[in-house]
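The values are calculated or read from the model by the stated rules, or taken from the named source; none is laboratory data. Because the structure is predicted, anything quoted here is derived from the model rather than measured. Every residue, glycine among them, receives a Cβ derived from its backbone with ideal geometry; neighbour counts consider all protein chains shown. Each accessible area value is taken on the protein alone, full model and side chains, heavy atoms only, with ligands, DNA and RNA left out. Shrake-Rupley method; radii C 1.70, N 1.55, O 1.52, S 1.80 Å.
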Amino acid sequence: MTRGVGGSTAQAELAKLTDRLSHCQPIPVERLSERLDGLRERMKTAGLDAIWLNAGSNLNYYTGLRWPATERLVGALVTIDGGLTYLGPAFETGTLEGFMRLNAPLSVWEEHESPYALLAGLDGASGRLGLDPTTPLVTANAISQAWRGDIGDASEVVLSARMTKDADEIALMQATMSATLEVHAATARILRPGITTREVTEFIHAAHKVIGAPGGSTFCIVLFGPDTAFPHGVANPKALEDGDVVLIDTGCGMHGYQSDITRSYVFGEADDRQREVWEAEKACQLAAFQAAQIGVACSAVDAAARTEAERRGFGPGYDLPGIPHRTGHGIGLDIHEGPYLVGGDDTPLEAGMCFSNEPMICVPGQFGIRLEDHFYMTPTGPRWFTEPAHAVDDPFG
C-alpha cells in the first residue's frame, strides 16, 4: 500500500485537525486606499474619468467589499477626482454597510427603479467611463444607454495591479495552501475500497471547515481510476478500487484569497506504467519551476514542461498521451486569474506573481496524473508555497 494512504476513518482524521487559519487578517484598509490611488493614476494615463467596479473580485480588491454578482446591480463608481460611491439595492443597505471596509457614500435604488439611471446621475458620473472587465454584457449595455459620455474597456487599468501580490496577499495564500495540503494528507488516510467520490468530497469540505476556512472547500474534484484521465471529472464517477489512481484537486479561501492543490497517487501498489507517468509528471512540474525566472515569458514556462514531456515520450503539444492543457494559472482573489503559464502569454515574470504549476499528463482509457502546487516569484526566482509531492510510493513524505 502506498505510504500515507488508507488505514484511518473520517471521524479519526477530523478529530486530529486543528484550526490553522484563525490568525489570518484581512488586507489592511490603508492598503485598499493605496490600491485606489494607484487605480486613479492608471486612469489618468488611460484617459478615463471614472471606472465602474462590478460586484466580484475586482470590487473586493480595490474596496474590500465582498459581494457576489447577481442580476441586481451592486458595485462602486471610482472617479479620477478622488470620489468613491457604492451602489446597491435599497433593501440591502444594512447588509452592504456591514460588509464595507472603506467608508464611502452608498446610493441605493428601489426595486422598481433603474439602477443604471442612478449610476449615471452620481457625482462625477460624466466623461469617459471604463468598465470592469467582469461586468456582464447585459449590465454593460444598460450602463452604456444611461451614461452621459463615452464608455471603454478598463481591463488593463483594473487588472494590471492584480498580477503581482504584496506580502499580505502572499501570507494569506501561504496560510490557505498549507491548510489545504494538510487536508489532502488527512483525506488520503481515510480512503478504502468502495468509498465514493461523494463521501470523499464531503470529508474534504468538513475538514476545510475544521482547519479554519469559514466556507469549507471553495471547490473539490475527486476522481478514481480511468476517470482521472478527464482533468475536470466525469458525469458518473466510479467508486474506489484497489490499484486505482486517485486524483484530488481542492482548495479553500481566507479573506478572499485562495488555495488550489492537486495530488495524484495510487490506492494500493503502483504498477510500472503508473510509476512511469507519475515520475514524468513530477519531472515536468520541476522543469516548469526551474524555467520560471524573473523576466522570462510565461509562455516559456509552459514550453519547458512540454519539452520535458516530449523527451519522455508524451505529446507533442496537446496530443495524448500527454499534457492536454496549460501548465498553470495565476491565483489570488480568483482561483484562476492572469497571467497564465501557456503558449501565447508572453507576459514577463515579475516578483510577486503567483502561479499554479500543474502540467497534467493524461493517458486516455487508463488514468491521469496531476501534481499541482503553487509558487510565487521573488526577486531571485520562484519559491514554492507547498512542497511538491514526495514520491509515487510516499506522496506526502
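Exactly one residue among A213, A185 is in a helix (DSSP H, G or I) and either without any contact (Cβ under 8 Å) to a residue 40 or more places away in the chain or open to solvent by less than 30 Å² (accessible area, probe 1.4 Å) (or both), and that residue is A185. Taking first residues from segment 1-16 that are at positive phi and partners that are among the aromatic types (F, W, Y) and part of a loop (DSSP other than H, G, I, E, B), the Cβ contacts under 7 Å between residues at least 6 apart in sequence or on separate chains come to G4/F396; G6/F267.
Here is a yes/no grid of residues against (1) open to solvent by 20 Å² or more (accessible area, probe 1.4 Å); (2) at pLDDT below 95; (3) assigned to a loop (DSSP other than H, G, I, E, B):
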residue: L240; (1), (2), (3): no, no, yes
residue: T250; (1), (2), (3): no, no, no
residue: G268; (1), (2), (3): no, no, yes
residue: R273; (1), (2), (3): yes, no, no
residue: W278; (1), (2), (3): no, no, no
residue: L286; (1), (2), (3): yes, no, no
residue: F289; (1), (2), (3): yes, no, no
residue: A300; (1), (2), (3): yes, no, no
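Against the numbered list (1) more than 22 Å from R162 (Cβ to Cβ); (2) part of a helix (DSSP H, G or I); (3) touching a strand residue (DSSP E or B) at 6+ places or on another chain (Cβ under 8 Å), G368 comes up short only at (2).
Could you say whether any residue in segment 318-328 is of a type in the set (F, W, Y), at pLDDT 95 or above and surrounded by fewer than 16 Cβ atoms within 10 Å (Cβ to Cβ)? Yes, that holds for at least one residue. Checked against the criterion of being crowded, with 19+ Cβ neighbours inside 10 Å and of a type in the set (D, E), the candidates E41, E92, E13, E30 yield just one match: E13. Across segment 216-238, the qualifying residues are those that are assigned to a helix (DSSP H, G or I) and not β-branched (V, I, T), and the one among them that is most open to solvent (accessible area, probe 1.4 Å) is P226.
Take the conditions (1) in contact (Cβ under 8 Å) with a residue 24 or more places away in the chain; (2) at negative phi; (3) within 22 Å of the chain's Cα centre (by Cα); G344 misses just one of them, which is (2).
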